[in-house]
1. Give, as a single signed number, the net charge of other residues whose beta carbon lies under 14 Å from the beta carbon of T133, with Lys and Arg counted +1 and Asp and Glu -1.
2. Given labels modelled 7 Å from the Cα in the Cβ direction, how far is it in nm from V22 to Q81?
3. Can you tally the net charge around G61? Count Lys and Arg as +1, Asp and Glu as -1, for every other residue whose Cβ sits under 11 Å from the Cβ of G61.
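Readers should treat all values here as calculations from the given coordinates under stated rules, not as data from a laboratory. Note that this is a predicted model, so its numbers are computed, not measured. Note that each Cβ is placed from the backbone with ideal geometry, even for glycine, and that neighbours are counted across all protein chains shown.
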Amino acid sequence: MRRRSTLILRQLGATECIDRAVVSTDALPTSEAITSLSPPLKVVYDAVGNLETAYDCVVDGGRAITVHPMAPLNREGKTVQVTRVQGYYVGPDVMSFKPTGNVQGYHAVPEHTTFGKLIIKNLPEMIEKGVVTPNRLEVLPGGLSGIPAGLERLKLGAVSGIKLVAHPQDN
């Protein structure tokens with residue numbers, strides 16, 4: 001992991017940083033980076049939808065959280081609480097359409113609306129107190145016309161630890 005990325009992640013509160021270029025996802029559960037941890041991992045947050053790897057990394061009795069609502073889990077042998085989260089802040093109870101039948105890809109429930117309202121109410125204070133750290137960002141010059149240059153920087157690996165943002169109104 002590039003030194004800069006590690007520093008940014010530590011500033012955001014990460015206690016361990018594992019370079020994905022050095023340890024593959026498949027090798028992660030048995031890697032020294034995981035097996036040498038003391039205490040072992042009690043909570044794993046899976047941000048890419050690989051629930052089985054998260055399950056394999058967490059201690060018996062721990063918790064695996066995944067962003068993929070339908071991530072398969074074909075593991076047995078230990079007790080792991082699995083929580084499936086996704087970036088919904090509004091449920092079908094306030095949508096202008098009502099999904100009927102089995103709508104692929106739309107897994108929001110009314111509880112998401114409750115959560116969304118809590119976030120809207122409390123997020124400013126959470127940021128102010130440092131409970132939540134917003135992403136660092138860089139606004140691309142030129143609005144939409146700045147996107148090609150931003151994409152080129154991404155291809156060259158020249159963007160790390162920030163989100164590139166284009167404001168369409170800046171064209």
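1. +2
2. A separation of 3.2 nm, rounded to one decimal place.
3. On the way: positive: K42, R63, K78; negative: D60.
Net local charge, G61 excluded: +2.
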